[in-house]
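The values are calculated or read from the model by the stated rules, or taken from the named source; none is laboratory data. Because the structure is predicted, anything quoted here is derived from the model rather than measured. Neighbour counts are summed over all protein chains in view; Cβ atoms, including those assigned to glycine, are modelled from backbone coordinates with ideal geometry. Ligands, DNA and RNA are stripped out before the accessible areas are found, and what is left, the full protein with its side chains, is counted by its heavy atoms. Shrake-Rupley method; radii C 1.70, N 1.55, O 1.52, S 1.80 Å.
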Amino acid sequence: GHLATIGTAYDVCILDDMAVAAAGDRGLQVFDINDVSHVFQVDDVATFGEARGIAFFRGLLHVAVSNKLNPEDSLIQMIDPTTTRLSTIGQIRVPGALLSIAESNGTLYVARIRNGDLQIVTIDPLNPTAQTACTIAATNFSELPTHATLVVKGGLAYMNVGKRVMVVDVVSGD
């Protein structure tokens, strides 16, 4: 099945028979996928800005929300998917134009543009204010991306930038 009217979906997360799409300015869109031949939208949820990425971690949806008017006010919005209308239960401030989010081995990673640099930010959810950023040299791409998909596994971050997939060691920063 498919939905012709979803518009732009930057990312999607599957939870049992529910799909949650990070749909930019439209926030989160929630779909019943129990019968894949009859997928339908069951809800939409406003976010504090443009929903650009989504990851399920420790029972919560972590949504990379980019504030287009003031990128320094961007954040990760934490949402409890077990509540009616998917209630926001917290947030982590992550300055910059957020592009994507991933979780690996208990750590959150966010791809962002900040001060003209493409970066991958490492966040320990137990101490979310202690963030480290790995800057990716501008020589690796012709222009800054406007969107990206980030996957982290085994200390390596894989991110599409334009027509390339970049691999970055998020442990050493190379």
Looking at the stretch 41-75, which of the residues that are of a type in the set (V, I, T) and under 13 Å from the mean Cα position of the chain (by Cα) is nearest to D117 (Cα to Cα)?
V65
Within the stretch 83-101, is there a residue that is surrounded by fewer than 16 Cβ atoms within 10 Å (Cβ to Cβ), modelled with pLDDT under 95 and more than 23 Å from C13 (Cα to Cα)?
no
Those residues that are in a strand (DSSP E or B) and basic (K, R), I need them from the stretch 62-93; list them, please.
R93
Taking A157 as the residue in question, decide whether it is farther than 17 Å from S74 by Cβ, among the small types (G, A, S), open to solvent by less than 80 Å² (accessible area, probe 1.4 Å) and touching a residue at least 40 places away in the same chain (Cβ under 8 Å).
yes
Whether any residue in the stretch 125-148 is modelled with pLDDT of 90 or more, within 24 Å of A23 (Cβ to Cβ) and either of a type outside the set (F, W, Y) or open to solvent by less than 20 Å² (accessible area, probe 1.4 Å) (or both) is what I want to check.
no
Take the stretch 32-46 and flag every residue that is open to solvent by 50 Å² or more (accessible area, probe 1.4 Å), more than 17 Å from S87 (Cβ to Cβ) and part of a strand (DSSP E or B).
F40, Q41
State whether the residues of the stretch 15-31 include one that is open to solvent by less than 10 Å² (accessible area, probe 1.4 Å), part of a loop (DSSP other than H, G, I, E, B) and of a type in the set (A, V, I, L, M).
yes
Looking at (1) open to solvent by less than 50 Å² (accessible area, probe 1.4 Å); (2) touching a Cys at 6+ places or on another chain (Cβ under 8 Å), which is the one condition that is false for F56?
(1)
Just for the stretch 153-169: of the residues that are at pLDDT 90 or above and not small (G, A, S), which one is farthest from A137 (Cα to Cα)?
K153
Of the conditions (1) over 19 Å from N67 (Cα atoms); (2) surrounded by 18 or more Cβ atoms within 10 Å (Cβ to Cβ), S172 satisfies every one except a single condition; which number is it?
(2)
